[in-house]
1. Which residues, taken from segment 15-41, are surrounded by 18 or more Cβ atoms within 10 Å (Cβ to Cβ) and not in a loop (DSSP other than H, G, I, E, B)?
2. May I ask you to verify whether residue 158 is closer than 29 Å to residue 215 by Cα and either over 15 Å from the mean Cα position of the chain (by Cα) or modelled with pLDDT of 95 or more (or both)?
3. Being surrounded by fewer than 22 Cβ atoms within 10 Å (Cβ to Cβ), more than 24 Å from residue 245 (Cβ to Cβ) and touching a residue at least 40 places away in the same chain (Cβ under 8 Å) is the filter here; which residues of segment 296-330 pass it?
4. What number of residues within segment 357-376 satisfy the criterion of being surrounded by fewer than 15 Cβ atoms within 10 Å (Cβ to Cβ) and within 18 Å of the chain's Cα centre (by Cα)?
5. Residues of segment 168-201 being under 30 Å from residue 250 (Cβ atoms), within 14 Å of ligand 1 (Cβ to nearest atom) and outside any helix (DSSP H, G or I), which ones?
6. Would you call residue 209 assigned to a loop (DSSP other than H, G, I, E, B), more than 18 Å from the chain's Cα centre (by Cα), on the phi > 0 side of the Ramachandran plot and surrounded by 18 or more Cβ atoms within 10 Å (Cβ to Cβ)?
7. Return yes or no: is residue 389 under 18 Å from residue 12 (Cα atoms) and surrounded by 15 or more Cβ atoms within 10 Å (Cβ to Cβ)?
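The values are calculated or read from the model by the stated rules, or taken from the named source; none is laboratory data. None of the values given here were measured: they were computed from a predicted structure. Positions of Cβ are backbone-derived with ideal geometry, glycine not excepted, and every protein chain shown enters the neighbour counts.
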Ligand SMILES: [Zn+2]
Ligand SMILES: [Zn+2]
């Protein structure tokens, strides 16, 4: 089959690789009909996630048709049209039983690697390094899905791929980010980063009752989309200091909740952003947490800080003094996709949201390297790329 393979930093290629096989009686094989490039794939593309190996198949946002099943799969049939959460979960462990699906204890065969870095291992993820399981990803013609009974969600007829593909990650991720803000009527939420996850966080914050949502970015078409689709107010941080503007917008108090939908490769205009770039370039720092510093300094006292943006390692110069003295509450982590998938599918069916609003590019799988390039550099007004095998 054809698959998008990682060959080193900024080097992805479409290669011919062996088809996936059933390895375990709870596996399924999916023929992929749509797959997307995610902002977190760019951290792999840029070479910032450790334990990637040449030839690894990328991709964790994919859907398709079931073509083969292991002998112990009961809830799914061959021919079912399914979406696949990007987190791999067993459905039976301490964490899965508590709805903490992205923390599953049974889905990372390389847990020891993650334990060395983090103390404990999160769930395995599709196409996201050997430290997180070494699973082949879904930017391919076929993929193997473990724990198929809990890892595949059947899609009702009448919905297009474009409407349901993002239930695999970015819609639940944006929604959980908004839910982690504990929004109350009248709340003002500020969202750093108006990429795809930021867009879904903004829309979800409104769905959850926020009165005003303010998106912060530097890319004009992303700011315009946040305004036109979700009704957000926006700040271009290259034109104005978001901290100052947010103070003015909130009568000096600051937003009730702040979302960092940027993560480890933040851009910035202040000195600290330059400092991070230098330290990251010489490998003295794994992450560039410019956005995180800003959210902590900007959030109102007693507010909520929600972090869906991916962080990989050890962060420098985090204003913990501000966070502590302002009594902030932190919520973060990989998304518990299994928990949100069905309720969010209902929102799509009811027409509360059409997740395809973020798609700017649909490309054949063969053009994946071009897709990575335009998404990474925000060329050609790119916000979200869907690949069609
Ligand atoms: Zn993703
Ligand atoms: Zn589990």
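1. 28, 29, 30, 32, 34, 35, 36, 37, 39, 40, 41 - these are the residues of segment 15-41 that are surrounded by 18 or more Cβ atoms within 10 Å (Cβ to Cβ) and not in a loop (DSSP other than H, G, I, E, B).
2. Numbers: closer than 29 Å to residue 215 by Cα: no; either over 15 Å from the mean Cα position of the chain (by Cα) or modelled with pLDDT of 95 or more (or both): yes.
So residue 158 fails the test.
3. Answer for segment 296-330, where residues must be surrounded by fewer than 22 Cβ atoms within 10 Å (Cβ to Cβ), more than 24 Å from residue 245 (Cβ to Cβ) and touching a residue at least 40 places away in the same chain (Cβ under 8 Å): 311, 312, 313, 316.
4. Residues flagged as surrounded by fewer than 15 Cβ atoms within 10 Å (Cβ to Cβ) and within 18 Å of the chain's Cα centre (by Cα) within segment 357-376 amount to 0.
5. Quick first cut of segment 168-201, residues under 30 Å from residue 250 (Cβ atoms) only: 170-201.
Applying the additional criterion that residues be within 14 Å of ligand 1 (Cβ to nearest atom) yields 170-177, 193, 195-201.
Once the filter is applied, which keeps residues that are under 30 Å from residue 250 (Cβ atoms), within 14 Å of ligand 1 (Cβ to nearest atom) and outside any helix (DSSP H, G or I), segment 168-201 yields 193, 195.
6. On the way: assigned to a loop (DSSP other than H, G, I, E, B): yes; more than 18 Å from the chain's Cα centre (by Cα): yes; on the phi > 0 side of the Ramachandran plot: yes; surrounded by 18 or more Cβ atoms within 10 Å (Cβ to Cβ): no.
No; evaluated as a whole, the condition is false for this residue.
7. Numbers: under 18 Å from residue 12 (Cα atoms): yes; surrounded by 15 or more Cβ atoms within 10 Å (Cβ to Cβ): yes.
For residue 389, the condition - under 18 Å from residue 12 (Cα atoms) and surrounded by 15 or more Cβ atoms within 10 Å (Cβ to Cβ) - is met.
For every residue, the table says whether it meets (1) at pLDDT below 95; (2) within 16 Å of ligand 1 (Cβ to nearest atom); (3) in contact with a helix residue (DSSP H, G or I) (Cβ under 8 Å, 6 or more places away or on another chain).
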site: 69; (1), (2), (3): no, no, yes
site: 77; (1), (2), (3): no, no, no
site: 98; (1), (2), (3): no, no, no
site: 109; (1), (2), (3): no, no, no
site: 116; (1), (2), (3): yes, no, no
site: 130; (1), (2), (3): no, no, yes
